[in-house]
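What follows is a set of notes on a single structure, which appears directly below.
The values are calculated or read from the model by the stated rules, or taken from the named source; none is laboratory data. Computed from a prediction, not measured in an experiment: that's the story for all the values here. Neighbour counts run over all protein chains shown; Cβ positions are idealised from the backbone, glycine included.
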Amino acid sequence: MTTAARDLPAQALTRSTRERPVAPSKVFLALLRRDVTVARKELPFFLVRTIMQPLLFIIVFGALLPRMGFVGAAYRAALLPGILAISLTMSAIQAVALPMMQDFGWTKEIEDRLLAPVPTRIVAAEKIVAAVIQALIAGIVVLPIARIIMGPIPNLSFANTGAIIVIALLGATAFSSLGMWLGTAISPQQIGLMFSVIVAPMIFFGCAYYPWRGLDKVPVVKYLVLINPLVYVAEGLRGVMTPDTPHMSLGVVTIALIVMAVAGWMLGMRSFYKRAIG
């Protein structure tokens, strides 16, 4: 037997025992499954974090003020889509921004994720997708609660379910990406600054509590708020859920959300990568 023939079994054994590369899709799904499992175990805390602020606004503005006669019953039709938009916004931002601050700051847990045999962008993408799922769940939970507390809502319709899903999905992606950027660009010590300087103004000037058309009397504010992605989510949901309420063109809403979702995704990915290699 020649030397080459004797070496063949060893070479074959080496090739058979060599580690095969792991498919990025499998790692992505494994990371996502892990985050979903953690979220399920922390479901009570997730629900409290998700519905507390919208619930307070629903009770005060959607139930108490109309019954006291300070606002008309028609106001509920403008308020409900805005409340859903806020629920989606807050859940999407918090679901990714707060864990990113912890993982990069105190716990350093992100270092274990970065050791996964996949590109860094896969880890970042999984975080954003997990936040999108949580944001959509938040909207699903808040909707029936709002409907029960607020009572009958004029001209409320779910006929355009597909359009509702598209707007919610685009909005959740935009805000989850924004949360990725905030969570990786702001230090944990500045978390209070994030909510007071960025999130709070975004909510109050996001046309969630009033239609965008209502700002016709304040033209400067009407056009300044167009940089706020919450405006397009709230107006889009109004257009498909309470179409008789004054709202922005659905075509403009869709284009704006696509642009903001893509821009936010790129910004969040870039910020995550810089923080990961920094």
Query raised in the report: With respect to the numbered conditions (1) more than 28 Å from residue 78 (Cα to Cα); (2) surrounded by 17 or more Cβ atoms within 10 Å (Cβ to Cβ); (3) touching a Gly at 6+ places or on another chain (Cβ under 7 Å); (4) not hydroxyl-bearing (Ser, Thr, Tyr), which one is the sole condition not fulfilled by residue 272?
Result: (3)
**Report entry** Subset of segment 230-253 [among the charged types (D, E, K, R) and part of a helix (DSSP H, G or I)]
**Finding:** 235, 238
Query - helices (runs of 4 or more DSSP H) within segment 127-229 that include 1 or more residues surrounded by fewer than 18 Cβ atoms within 10 Å (Cβ to Cβ) and within 17 Å of the chain's Cα centre (by Cα) - result: 161-185, 200-204
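Evaluate segment 44-62: report whether one residue or more is aliphatic (A, V, I, L, M), without any contact (Cβ under 8 Å) to a residue 24 or more places away in the chain, surrounded by 12 or more Cβ atoms within 10 Å (Cβ to Cβ) and on the phi < 0 side of the Ramachandran plot. It would help to see each step written out before you state the result.
Residues of segment 44-62 aliphatic (A, V, I, L, M): 47-48, 51-52, 55-56, 58-60.
Those still in the list that are without any contact (Cβ under 8 Å) to a residue 24 or more places away in the chain too: 48, 52, 56, 60.
Keeping just the survivors that are surrounded by 12 or more Cβ atoms within 10 Å (Cβ to Cβ) gives none.
No, segment 44-62 contains no residue that is aliphatic (A, V, I, L, M), without any contact (Cβ under 8 Å) to a residue 24 or more places away in the chain, surrounded by 12 or more Cβ atoms within 10 Å (Cβ to Cβ) and on the phi < 0 side of the Ramachandran plot.
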Requested in this report: Return the residue satisfying two criteria in turn: it lies in segment 242-278 and is within 20 Å of the chain's Cα centre (by Cα) and not hydrophobic (A, V, I, L, M, F, W, C), and of such residues it is farthest from residue 228 (Cα to Cα).
Outcome: 273
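Condition (residue is over 26 Å from residue 248 (Cα atoms) and at pLDDT 80 or above) applied to segment 11-25: is it met by at least one residue?
Residues of segment 11-25 that are over 26 Å from residue 248 (Cα atoms), as a first pass: 11-25.
If we keep only those that are at pLDDT 80 or above too, we end up with none.
The answer is no, given that none of the residues of segment 11-25 is over 26 Å from residue 248 (Cα atoms) and at pLDDT 80 or above.
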Requested in this report: Examine segment 175-191 for a residue that is without any contact (Cβ under 8 Å) to a residue 60 or more places away in the chain and small (Gly, Ala, Ser), and state whether such a residue exists.
Outcome: no
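To keep it simple, each residue is scored yes or no on (1) touching a residue at least 40 places away in the same chain (Cβ under 8 Å); (2) surrounded by 18 or more Cβ atoms within 10 Å (Cβ to Cβ).
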| site | (1), (2) |
| --- | --- |
| 36 | yes, no |
| 40 | no, no |
| 72 | no, no |
| 83 | yes, yes |
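Would you mind stating whether residue 256 is modelled with pLDDT of 95 or more, in a helix (DSSP H, G or I), hydrophobic (A, V, I, L, M, F, W, C) and in contact with a Pro (Cβ under 7 Å, 6 or more places away or on another chain)? Spell out how you get there, then give the answer.
On the way: modelled with pLDDT of 95 or more: yes; in a helix (DSSP H, G or I): yes; hydrophobic (A, V, I, L, M, F, W, C): yes; in contact with a Pro (Cβ under 7 Å, 6 or more places away or on another chain): no.
Considered against the rule, which asks whether it is modelled with pLDDT of 95 or more, in a helix (DSSP H, G or I), hydrophobic (A, V, I, L, M, F, W, C) and in contact with a Pro (Cβ under 7 Å, 6 or more places away or on another chain), residue 256 comes out as no.
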